[in-house]
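The values are calculated or read from the model by the stated rules, or taken from the named source; none is laboratory data. Owing to the predicted nature of the structure, the values given are computational and were not obtained by experimental measurement. Using ideal geometry, Cβ is built from the backbone for each residue, glycine included, and neighbour counts are taken over all protein chains shown.
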Amino acid sequence: MRRLSVALSAALCATAANAATLIDHVNGIQVDDHGRIGRFSGLVVGDDGKVERLVRADEPSPAAARTIDGGGRTLLPGLIDSHGHVAGLGQTATTLDLVGTASLGELQQRLKDYAAAHPGDGWIIGRGWNQELWPVKSFPVAADLDSIVANRPVVLERVDGHALVANSAALRAAGVTAATPVPSGGQIDRGLFVDNAMDLIGAKIPDATSAERDQWLAAAQSMLLGYGITATTDMGTSPEVWAAMRRAGDAGALKVRIISYGSGLDGAKAISPGGPTPWLYADHLRMNGVKLYGDGALGSRGAWLKAPYADKPGSIGLRFHSDADYDALVADAAAHHYQIATHAIGDAANAQVINAYASRGAASGDKRWRIEHAQIVDPRDLPRIGANNIIASMQPTHQTSDRLMAEARLGPNRLDGAYAWASMLRTGARLAFGSDYPVESPNPFPGLAAAISRQDMTGQPPGGWRPEEKVTFAQALDAFTRGGAFAGFADGKFGALAPGHWADFIIVDRDPTTIDPQALARTKVLETWIAGQRVWAAPAKAAPVSAPRPERGK
């Protein structure tokens, strides 16, 4: 009876209620501006696509021109992935997928099958292998690929994007020989290229066309919307990918909100030499700043450590810049008013970033400079992150994937600052969570589950890995919503459902506050709405959005 009276009231008052839409009868959940879980039963959206008001369960349903009955389903704010690679995600749909290969032999079989299905003499590009999942954990080399494909170039990138292996045909095409100098911050070993050495091969791979980049963007948007991601950062945007985003915006095809960080200073200056762009396309696109690199990745032993690797005592990883050179990059970026986001994995790299940020005034003004990943931080350096107003942009599923590898790389006595989310919060730092897709799946729900449990999707390890670093569900949801918006200078625009904010929200199949972490990880998105418009819906007989990717260390 109540539903009938509400519908009748809405119809009678439509002329007085402008063109507002009431999303009614929902189990609304979000983090309020005090960091607590807030609940609501309805949402009024104006004809401009912005929130007019929230409705509490003890309030009467307001009049609106249109009422949509949510059927008691759970409604959350649209989730924000604070570290991803949009074109890379879309590209995975068109290249050789090596994610989850359990051995070198399986990699070789997938390569053989792909080459047979894609005949010709063009380059074969693939990504996603991870030797840490193999019985023999040796890196692949050129000879391993030559035995499968010898007559055309093959380049296969590691899952973390910090190493690749090329066959002999690719080496010849790139002009790489035994006499080729190894770039600073890189390594070469029998066709295996790590970090800065990867450019020797990558620069010779035929460039994608504009049409291909447009396809990548479209594919990535579809995947992100299906996982409930309504906004994302793009870390390391090239001018060519920026152009694809602008084409989509001009055509009205840009649905996901994208916060861009140019690839290095040259990339940022090529996109917007005068500093950050304004928000474009009704707050769907902005170039905020610059993505810099301090080191490589832990899985390829390219993370720069203060002490040698436990499993490779002669190495401390790869240092990308001297202190003076990195400080000069920070100074140049600051002079152009770019927000600075620096990739730092190892404790030495994180210390270098903190030192440079602090010396250049990170704590003053509203700079919101970021450390991307911050995976291994010396506990003595942790307090300086909060003290300098540095944002910790971290990815919870990296911890569940990496834990065994991290133990091997560091040993048991150097893990106190590893994937330390709770410790970050205690320093006063703001957390912004993401996935680092396509390194990990963009699905945010395994990330939320990992954040509160320090366990993978099978519940391992019992009790959680280093459980003292768990965060609460409210803290995790904040890092995937308000924290992500704050980290991208989008607070006040999206990241929360509040008057004047865009009505970006999702409908999911369960209440995340009433279930265990493993059930939370398996949450399915039913609908995704942006600016008050439904832009994605699960099929009527909802199959999962996609199978979860297998756990993998990096």
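Hey, among T92, T101, which residue is of a type in the set (S, T, Y), surrounded by fewer than 23 Cβ atoms within 10 Å (Cβ to Cβ) and farther than 30 Å from V31 by Cβ? Exactly one residue qualifies, and that residue is T92. Is it fair to say T94 is within 30 Å of G488 (Cα to Cα) and assigned by TED's automatic domain parsing to the domain that holds V149? Yes, satisfied. For the stretch 465-499, the set of residues classified as surrounded by fewer than 22 Cβ atoms within 10 Å (Cβ to Cβ), at positive phi and touching an Asp or Glu at 6+ places or on another chain (Cβ under 9 Å) consists of R466, F489, listed by residue number. For the residues A297, A307, the requirement of being surrounded by fewer than 24 Cβ atoms within 10 Å (Cβ to Cβ), in a loop (DSSP other than H, G, I, E, B) and in contact (Cβ under 8 Å) with a residue 12 or more places away in the chain singles out A307. Cβ-Cβ contacts under 6 Å between residues 6 or more apart (or on different chains), taken from a first residue in the stretch 504-520 that is under 29 Å from D491 (Cβ atoms) and in contact (Cβ under 8 Å) with a residue 12 or more places away in the chain to a second residue that is part of a loop (DSSP other than H, G, I, E, B) and aromatic (F, W, Y), are listed as D504/F494. Taken over the stretch 371-388, residues that are assigned to a loop (DSSP other than H, G, I, E, B) and acidic (D, E) amount to 2. Just one of (1) at pLDDT below 95; (2) not assigned by TED's automatic domain parsing to the domain that holds A432 fails for S300. It is (2). Which pairs have Cβ atoms under 6 Å, sit 6 or more apart or on different chains, and link a residue in the stretch 359-388 that is free of Cβ contacts under 8 Å to residues at least 40 places away in the same chain to one that is of a type in the set (F, W, Y) and not in a loop (DSSP other than H, G, I, E, B)? Every condition considered, the pairs that remain are W369/Y357; N388/Y357.
Candidates are the residues of the stretch 142-162 that are part of a helix (DSSP H, G or I) and acidic (D, E); the one that is surrounded by the most Cβ atoms within 10 Å (Cβ to Cβ) is D144. The combined condition, being without any contact (Cβ under 8 Å) to a residue 60 or more places away in the chain and outside the structural domain of G161 (by TED's automatic domain parsing), is not fulfilled by I259. Applying the selection to the stretch 110-146, what residues are free of Cβ contacts under 8 Å to residues at least 40 places away in the same chain and either among the basic types (K, R) or farther than 27 Å from P442 by Cβ (or both)? Residues satisfying the conditions are R110, K112, A115, A116, P119, G120, D121, P135, V136, K137, S138, D146. Meeting the requirement of 3 or more residues that are under 21 Å from A496 (Cα atoms), the strands (runs of 3 or more DSSP E) wholly within the stretch 33-74 are 37-40, 42-45, 51-55.
Taking the conditions (1) surrounded by fewer than 20 Cβ atoms within 10 Å (Cβ to Cβ); (2) touching a helix residue (DSSP H, G or I) at 6+ places or on another chain (Cβ under 7 Å); (3) outside any loop (DSSP other than H, G, I, E, B) in turn, A87 satisfies each one other than (1). Scanning the stretch 496-511 for residues that are in contact with a Phe, Trp or Tyr (Cβ under 7 Å, 6 or more places away or on another chain) and in a loop (DSSP other than H, G, I, E, B), we see that the one that is farthest from N27 (Cα to Cα) is H501.
Residues in the stretch 106-141 that are surrounded by fewer than 18 Cβ atoms within 10 Å (Cβ to Cβ), basic (K, R) and not in a loop (DSSP other than H, G, I, E, B): K112 alone.
Mind checking which residues of the stretch 315-370 are of a type in the set (D, E) and part of a helix (DSSP H, G or I)?
First pass over the stretch 315-370, keeping only residues of a type in the set (D, E): 323, 325, 327, 332, 347, 366.
Correct list: D323, D325, D327, D332, D347.
Exactly one residue out of E52, E59 is of a type in the set (D, E) and free of Cβ contacts under 8 Å to residues at least 60 places away in the same chain: that is E59.
Output the residue which, of all residues in the stretch 193-222 that are part of a helix (DSSP H, G or I) and among the hydroxyl-bearing types (S, T, Y), is surrounded by the most Cβ atoms within 10 Å (Cβ to Cβ). Across the stretch 193-222, the extreme among qualifying residues is S222.
Looking only at residues in the stretch 270-294 that are more than 21 Å from the chain's Cα centre (by Cα) and in a loop (DSSP other than H, G, I, E, B), the one that is surrounded by the most Cβ atoms within 10 Å (Cβ to Cβ) is S272. For the stretch 353-377, residues that are over 21 Å from H83 (Cα atoms) and out of contact with any Lys or Arg (no Cβ under 7 Å at 6 or more places or on another chain) total 8.
Across the stretch 310-350, the number of residues qualifying as small (G, A, S) and in contact (Cβ under 8 Å) with a residue 40 or more places away in the chain comes to 7. When R409 is tested against (1) in contact (Cβ under 8 Å) with a residue 40 or more places away in the chain; (2) outside any helix (DSSP H, G or I), exactly one condition is not met: (2).
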